[in-house]
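First the structure, in the form of structure tokens, and then the observations on it.
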């Protein structure tokens, strides 16, 4: 009798509470720095006396460290070192951000943020790669997004209530890293590539797809996701200033945008998780990209606070859904996590340039031009993203065939 865990027709593991807790939790920790960036900057300015521009630069360096390490560790997280990468990364998160939370020294804070950013990169790549090991990529991506949104909402609500801003911004992140570290043994590891060992254990080898078209689609998806991040986050970077200039949006209005957008993302994630793979990925993503482009143009055209709120909240909800579908595509393209591992890393690379791009275009060409240019970016990515989506379905089909053939080879009597 085999002791190997039950897998689906593509060799993926079913989602259960331990695997989900570890995979989603580690992914959230890796990406949390990007969500807490405004609070981190405020904490550095308030608690250490660092100038705002310098604080922004330090946080940007931390995020870039996360992105670069996520990309650099991708090959490791495809193989048997996934849990090791996660553990080392989370340890760096705890040490780095924990140090920053407990100090007002600028040099120590800077070192801690860079160290924490490096660790978050390992968490991003390990958690992202593990998504591909779980059954039903659409549902897994949606649940990952749901957990992310829920935890971010709670952290943003709790952080201002903590004794100091440093503890609120950096201490909570260190605490999340420590909690995730205790779950790292549950992280779904990459398939063992040695067929003899697998046969002895009664398990089935799952190999990465080597067909050139899947490799091309994977690289295309990574490049497109980075560019898509620039387009999406450039609009978010100027959302407050554009709303104030065009629609007399005040602080309370922007707060409503943040809370309603978070709620919209939660609803989208719940719906996607319920649907699973019933609608596929190509058609839903096509609709979402078209709607996203239209809403980008509209966001720069409306001139009342109520209409601006509706448009921006709708755009942000569409963005959340499209983000989850792209994560699902990357996970479906290869069960080893070859593409889902670096995916969030390339997103962070693109996102890091968004404030410069958004404010630069807005200040030189105006908000109307910005809306059209960002919509143009989305439109230009339409065909390559849908091509990757279609190939992800083919990849799953081939993985099912491989799995069935290998299962028959290992268990010929069945």
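The values are calculated or read from the model by the stated rules, or taken from the named source; none is laboratory data. This one's a predicted model, so the numbers in the text were calculated from it and none came from an experiment. Reconstructed Cβ throughout: ideal geometry from the backbone, glycine too, with neighbour counts over all protein chains shown.
Quick rundown of the values:
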quantity	calculated
Test: residue in segment 38-60 that is outside any helix (DSSP H, G or I), more than 18 Å from residue 183 (Cβ to Cβ) and out of contact with any helix residue (DSSP H, G or I) (no Cβ under 9 Å at 6 or more places or on another chain)	no
Test for residue 286: is it assigned to a helix (DSSP H, G or I), at pLDDT 80 or above, more than 16 Å from residue 320 (Cβ to Cβ) and out of contact with any helix residue (DSSP H, G or I) (no Cβ under 8 Å at 6 or more places or on another chain)	no
Residue tally, condition on the phi > 0 side of the Ramachandran plot and in contact with a helix residue (DSSP H, G or I) (Cβ under 6 Å, 6 or more places away or on another chain), over segment 123-176	0
Residue in segment 17-40 that is surrounded by the most Cβ atoms within 10 Å (Cβ to Cβ), counting only those that are over 18 Å from the mean Cα position of the chain (by Cα) and closer than 19 Å to residue 98 by Cβ	40
Selection status of residue 208, outside any helix (DSSP H, G or I), modelled with pLDDT of 50 or more, touching a strand residue (DSSP E or B) at 6+ places or on another chain (Cβ under 8 Å) and closer than 30 Å to residue 398 by Cβ	no
Qualifying residue in segment 360-381 (condition: closer than 16 Å to residue 216 by Cα and touching a residue at least 24 places away in the same chain (Cβ under 8 Å))	yes
Candidates 143, 156, 172, 178 - the one that is over 30 Å from residue 271 (Cα atoms) and in a helix (DSSP H, G or I)	178
Pairs where the first residue, in segment 102-127, is crowded, with 24+ Cβ neighbours inside 10 Å and the second is not in a helix (DSSP H, G or I), C-beta under 6 Å, 6+ apart	109/103; 122/73; 125/73
